[in-house]
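What follows is a single structure, written as structure tokens, with notes after it.
The values are calculated or read from the model by the stated rules, or taken from the named source; none is laboratory data. Remember, it's a predicted structure, so these values are computed and weren't measured experimentally. Glycine gets a Cβ as well: all are built from the backbone with ideal geometry, and neighbour counts include every protein chain shown. These area figures cover heavy atoms from the full protein model, side chains too; ligands, DNA and RNA do not enter into them. Shrake-Rupley method; radii C 1.70, N 1.55, O 1.52, S 1.80 Å.
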Amino acid sequence: MMKKHFLDLKPKEIKEYIQKCGHGSYRLAQVLEWAYKKKVDDFHSFSNLPKDLRNRLDSDFALRVFKIKNKSTSGLDGTIRYNFLTRDGNTVPAVLLPQRERNVVCISTQIGCVIGCKFCNSGKKRFVRNLTRGEILEQALDVEKDLSIKTDGILFMGMGEPLLNFDNIVNAIKTMTDPEQMGIGRRHITVSTVGFIEEIRKLRQEKLGIRLAVSLHAPDDEIRGRFIPGVVPYSIEEILKEGIAYSRSNNSRLTIEYVLIANENDTLLSAKKIVKLIKKHSDRDDKIQINLIPYNQTGKDKLLCPSKEKIESFRSFLIKSKILAIVREPRGLDIGSACGQLGV
């Protein structure tokens, strides 16, 4: 019989287990420190726990369930892509994005994806299942362990739609932000969604204080409909309004993600429409940032990346319209780790 993944347990469940084994609840803090702060992957290494408790833990649980199937390092920028092998034989991609002062890990939330955005190679992978709370956490922990680093930021922007795995991502985020566990700053965690507004509302009510990114990718529903299937039943205006409500409630900056595709959504008219839309639903105190993402080729379609001049023209118009706009340079382009490439 397969052992239960220990990282699937919430602290309350671990505490109940420890008490059931006849030990004091104060042992919980020791267990969490070994599992999350020291990143130990063997229960027998929990040296300040009684031997009988270590044996029980080892008998009942698997502390780690992933194996590194392979990993690749970009010769362009040092990005590292991991492909983890799950116990049921599937592959989960995660990407380390090393920055000057921080180590950011982009993690997956599902095996495959139910959305199937036309510009996203990850979306072409058949949906298999949601990742568990423990599998979400283990991606970051295994990267930390493998490279002997501390994770400073998490992007829920890997394979899958995070908000369709709502309970598991919320429980994982609570562990990530807990100072007694992973201790990652709330503002250094971003959840990306293609726009499921009921789940955005639920996330707002959780008051986690993390950042939200909404994937609009178009200035109107007609253009968006060419790239994002009808499985997402909400309009751009509905998604934007709910995203702004989230950012106000959590006092955080809202990120709008916009993949620029040549001759599709990269025109000055599109830029004017997105500015008009934002100004219609926001006020001067709202913190909004647009991440412009030049389309990354996957070799699986006929879509093209706009010219540098077209990208700069689009960005300049947004800036002149008093909207913070950043061109997100691709990371790990040579190893299939840039935005939209994780299915490669």
Check: What angle, in degrees between 0 and 90 and rounded to the nearest 10, separates the Cα long axis of helix 133-147 from the longest principal axis of the Cα atoms of the chain?
Finding: 90 degrees
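Please give me the summed charge of the neighbours of Glu206: other residues whose Cβ is under 12 Å from its Cβ, Lys and Arg +1, Asp and Glu -1. Walk me through the numbers before you get to the answer.
Details: positive: Lys174, Arg186, Arg201, Lys202, Arg204, Lys207; negative: Asp167, Glu199.
Residues close to Glu206 contribute a combined charge of +4.
Per residue, how large is the accessible surface of the chain? Use a 1.4 angstrom probe and give square angstrom. Spell out each step's value before the answer.
On the way: 15350 Å² over 344 residues.
Roughly 45 Å² per residue, with all protein chains present.
Would you please put 213-219, 328-334, 116-122 in order of how densely packed they are, using the mean number of other Cβ atoms within 10 angstrom per residue and starting with the highest? Intermediate values should be presented prior to the final figure.
On the way: 213-219: 23.9, 328-334: 18.0, 116-122: 21.6.
Highest-to-lowest ranking by the protection proxy: 213-219, 116-122, 328-334.
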Margin query: Helix 166-177 against the longest principal axis of the chain: what's the angle in degrees, Cα atoms only, rounded to the nearest 10?
Written below: 70 degrees
Next item on the list: Give me the distance in nm between label points sitting 7 Å out from Cα along the Cα-to-Cβ direction at Asp286 and Gln99, one decimal.
Entry: 2.4 nm
Notebook entry, point to check: Using Cα-only point scatterers and the Debye equation, what is log10 of I(q)/I(0) for the stretch 105-239 at each q in 0.19, 0.21 Å⁻¹, rounded to two decimals?
Noted result: -1.10, -1.29
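Take every DSSP beta bridge whose two residues both sit in the chain, then give the antiparallel share in percent to the nearest 5.
On the way: 18 of 45 bridges.
If I count the DSSP bridges inside the chain, around 40 percent turn out antiparallel.
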Checklist line | Partnerless Cys - the chain, beta-carbon criterion under 4.7 Å | finding: Cys21, Cys106, Cys113, Cys305, Cys339
Note to self: Ignoring everything except DSSP H segments at least 4 long, calculate the 222 nm mean residue ellipticity for the chain; use -39,500 (n - 2.57) per segment, divide by total residues, nearest 500.
What the structure shows: -10000 deg cm²/dmol
Next item on the list: Give the cross-link partners of Lys273 among the lysines, using a straight C-alpha distance below 24 Å as the criterion and excluding same-chain residues fewer than 8 apart.
Entry: Lys118, Lys241, Lys287, Lys308, Lys310, Lys320, Lys322
Check: Does anyone have the angle between helix 197-206 and the longest principal axis of the chain? Alpha-carbon axes, 0 to 90°, nearest 10?
Finding: 50 degrees
Check: How much of the accessible area of the stretch 210-265, probe 1.4 Å, is carbon plus sulfur, in whole percent?
Finding: 42 percent
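Apply the Kirkwood formula to the stretch 226-306: the hydrodynamic radius equals the inverse of the mean of 1/r over all pairs of different alpha-carbon atoms; give it in Å with one decimal.
Details: mean 1/r = 0.0701 Å⁻¹.
After inverting the mean inverse Cα-Cα distance, the result is 14.3 Å.
Defining a contact as two alpha carbons under 8 Å apart and six or more residues distant in sequence, what relative contact order in percent does the stretch 46-171 show? Intermediate values should be presented prior to the final figure.
Working: 215 pairs, mean separation 27.4, N = 126.
Dividing the mean separation by the residue count of the stretch 46-171 yields 22 percent.
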Checklist line | Compactness relative to 2.2 N^0.38 Å, alpha carbon Rg of the stretch 39-142 | finding: 1.30
Next item on the list: Can you figure out the FRET efficiency of Lys51 with Arg126, using R₀ = 41 Å and their beta-carbon distance, to the nearest 0.05?
Entry: 0.35
Item checked: Cβ charges +1 (Lys, Arg) and -1 (Asp, Glu), total dipole of the chain, debye -> 260 debye
Notebook entry, point to check: On full extension of the chain, what length is gained from Ser313 through Asp42, given 0.36 nm per residue of separation minus the C-alpha to C-alpha distance?
Noted result: 92.2 nm
Checklist line | Virtual spin-label span in nm between Lys145 and Leu324, 7 Å along Cα→Cβ | finding: 3.6 nm
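Using only the alpha carbons of the chain, what is the convex hull's orientation-averaged projected area in square nanometres?
Working: hull surface 70.5 nm².
For the chain, averaging the hull's shadow over all directions gives 17.6 nm².
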